[in-house]
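The values are calculated or read from the model by the stated rules, or taken from the named source; none is laboratory data. All values reported here derive from a predicted model rather than from experimental measurement. A quick note on method: Cβ atoms are made from the backbone with ideal geometry, for glycine too, and the neighbour counts reach across all protein chains shown. Protein only, heavy atoms only, side chains kept; ligands, DNA and RNA dropped before computing areas. Shrake-Rupley method; radii C 1.70, N 1.55, O 1.52, S 1.80 Å.
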Amino acid sequence: MPRSDDTHAIAGPPSLPLHRLRFDPAGPPRPIALPDGTQAWLVSRYADVRMVLTDNRFGRAQLHAPDAPTLSGESGLVGSLDLMFNQDGEDHLRLRRTLRRAFTPRAVARWRPWITSIVEQRLDELADSTTPVDLVARFTLPLPVEVISRLMGLDAPARERLRHWSQYAFSDGSHPKEEMESALAEFAAFGSALLAERRSAPGDDLTSVLVRAADDEGGIPEGQLVDLVCGLVVGGHDSTMTMLGNSLLYLLGERPESWRRLGADEQAAGVVAERLLHLVPLGDDRGTARHAAADTEVGGVTIPAGSVVLADCGMANRDPDVFPPRQFADLFAPLEAPTLSFGAGPHYCLGAWLARLELQLSLHRLAARFPGLRLARPADAVEWRRGTTSRSPQRITVTW
């Protein structure tokens, strides 16, 4: 679902599987330079990152003030001033209240039956395929597209454009400016039309819920609602597709001994899903930026007011004071502390429970239906999807 962070720096080569990225040891806050030259403070210890993400002295809105430096990785929808993630205080809370009830664990649990039916439908079609088959084309991409389309009430033409819009919404800045502006304008027009349609003919989909909640709340600018809808649409499938593809590449390529247990025990699959969400980032860059509104002590270091602060959740998720040194060793062991992969505090990812459910169901049901699933081509030969701030395999060729 919508991402809890934007992306910035400190990564390995783009050909390296994300589960093999090497992280520097967590330590006290220290000054760094971002790839675009912006001076920032790196915060990397678990307790320090949690503080930055939960303390209201560290916000997002001022990162996009007129005189603020341009942050690398903040192009596309991620850089929009109207995006909920870039709001602070009451502006942010007003938007968040329109969706909060829709994404509680209890609400997501009510969606389990129809999400399970979509998973089973994709598996039925996979079973009818001639091997070898591409798991991305037949499973990891269409599954989350179908889930978010049903949730948001999208028609077939919109579903077909999701991948196109995602490339620009989460662009890494490599797309030509005119091309980017044209795609984002088309996407915004889609979001605006969808909102207008649900106002005139509401249904039981999440877009209709959003429209009703926004009307009840009052005072929400239309641009913020449009960006909220667009963020849900692309974030709701791109992140899940990325997590699922990278998890399957790791499990089939490096942990095949775990596969049958995933299919035999759904609860165990949930534990594995949580550990992989914790350890495998969405992309090469994993910092989430904040602006310091006042001089603030973090981990014994005073960060000056006006500073850009990069909270590195990937490093924090490996902090040796909180987590054991070999976290991949036992995939079926519960996490020692809550993961920071979904962020924390006011901007905690609203779609976290939906992402967990989709990943758990997908891993469990895929392993149950295809206990002999294996890679048909070496994992090291995978080609990576580029051009966006997330990264996942273009294809995962398998047989059984």
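How much length, in nm to one decimal, is gained on full extension between GLN121 and ARG101, taken as 0.36 nm per residue of separation minus their Cα-Cα distance?
On the way: separation 20, 0.36 × 20 = 7.20 nm, distance 2.83 nm.
In short, 4.4 nm is gained.
Between ILE118, GLY173, ALA26, the Cα set farthest toward the positive side of the dipole of the chain (charges on each charged residue's Cβ, about the Cα centre) is that of ILE118.
The solvent-accessible area of MET315, taken with every protein chain present and a 1.4 Å probe, is close to 10 Å². Using heavy atoms of the protein chains and a probe of 1.4 Å, the accessible area assigned to TRP165 is about 10 Å². Principal axis extents of the C-alpha atoms in region 61-209 (largest first, rounded to whole Å): 57, 36, 29.
In whole percents, the pair-distance distribution calculated for region 17-124 from its alpha-carbon pairs, binned every 10 Å from zero, is 11, 25, 31, 23, 9, 0. Full extension of the segment from GLU257 to GLU90, taken as 0.36 nm per residue of separation minus the current Cα-Cα distance, would add 55.2 nm. Pairs of Cα atoms nearer than 8 Å and 6+ residues apart set the relative contact order; for region 265-400 it is 29 percent.
Per DSSP helix of 4 or more residues, -39500 (n - 2.57); summed, then divided by the residues of the chain. What does that give at 222 nm, rounded to the nearest 500?
The helix-only estimate for the chain comes to -14500 deg cm²/dmol at 222 nm.
Considering Cα pairs under 8 angstrom that are at least six residues apart, work out the relative contact order of region 159-275 and quote it in whole percent. All intermediate terms of the calculation are to be shown ahead of the outcome.
On the way: 47 pairs, mean separation 28.3, N = 117.
With pairs under 8 Å counted, the relative contact order is 24 percent.
If you look at the Cα atoms of the chain, you get an Rg and a Dmax of 20.4, 62 Å.
With a/c under 1.5 counting as rounded, go ahead and sort region 338-400 into rounded, prolate or oblate using the C-alpha gyration tensor (a ≥ b ≥ c being the square roots of the eigenvalues; past the cut-off, prolate if a/b is larger than b/c, else oblate).
Details: a/c = 3.41, a/b = 1.47, b/c = 2.31.
It comes out oblate by the Cα gyration axes.
Computed from label points 7 Å out along Cα-Cβ, the spacing between ALA33 and GLU160 is 4.9 nm. So for region 291-358, considering every pair of alpha-carbon atoms, how many percent are separated by more than 13 Å? Roughly 75 percent, once rounded to a whole number.
Span-like helices, the chain: DSSP H, alpha-carbon axial extent 18 Å or more, mean Kyte-Doolittle -0.5 or greater, which ones? Don't jump to the answer; show the numbers that get you there.
Numbers: long enough: 105-127 (32 Å, -0.35); 156-169 (20 Å, -1.36); 177-200 (35 Å, -0.15); 222-254 (47 Å, 0.68); 266-279 (20 Å, 0.47); 352-369 (26 Å, 0.26).
Counting only whole DSSP H runs, the qualifying helices are 105-127, 177-200, 222-254, 266-279, 352-369.
Based on C-alpha pairs under 8 angstrom that are at least 6 apart in sequence, the chain has a relative contact order of 32 percent. Computed from backbone phi with θ = phi - 60° and the Karplus coefficients 6.51, -1.76 and 1.60, the 3J(HN,Hα) list for region 378-386 is x, 4, 5, 8, 5, 9, 9, 6, 10 Hz; x is used for glycine and proline.
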